[in-house]
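No value in this document is a laboratory result; all are computed from the given coordinates. What you see is a predicted model, and the numbers here were worked out from it, not measured in a lab. Ideal geometry is used to build each Cβ from the backbone, glycine not excepted, and the neighbour counts take in all protein chains shown.
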Amino acid sequence: MGWLGKLFGTGAKKEETMKMEPAVMKEPGKEVKKMVKDPVCGMEVDEKTAPAKSEHMGKTYYFCAPGCKKAFDENPAKYTEG
Ligand SMILES: [Zn+2]
């Protein structure tokens, strides 16, 4: 770890360090996955890749499958709080 400590220690060779470890590079523009709960079955779905979504009372709900959306659309009150 001697040579590595030297790289991190001085800070002068920052570029070289990044080049050597691309896996740990930060990606500032990249968002973390936002998981939302399917109100029908309770499964967690990624809102960017959710196969179905529905709007109710100004809020968007995401579903794991079109079948869940259908169940929600038929009776949204059953699945929403309040
Ligand atoms: Zn579902």
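Annotations
- Electrostatic dipole magnitude of the range 23-79 [Cβ: Lys, Arg +1; Asp, Glu -1; Cα centre; debye, to 20]: 100 debye
- For the pair E55 and K70, label points projected 7 Å from Cα toward Cβ lie 2.4 nm apart.
- A simple count of charges around F63, restricted to other residues whose Cβ falls under 13 Å of its Cβ and scoring Lys, Arg +1 and Asp, Glu -1, yields -3.
- Taking θ as phi - 60° and the Karplus parameters 6.51, -1.76 and 1.60, the scalar couplings of the range 46-54 work out to 7, 5, 7, 10, 4, x, 8, 8, 8 Hz in sequence order, x denoting glycine and proline.
- Debye intensity ratio I(q)/I(0), log10, the range 23-79, q values 0.24, 0.28 Å⁻¹ (C-alpha model): -0.88, -1.12
- Amide H contacts of D38: M43, E44, V45, each under 5 Å away and 5 or more positions distant or on a separate chain (H built 1.01 Å from N in the peptide plane; Pro and chain starts excluded).
- Taking all Cα pairs closer than 8 Å and separated by 6 or more residues, the relative contact order of the range 23-79 comes to 28 percent.
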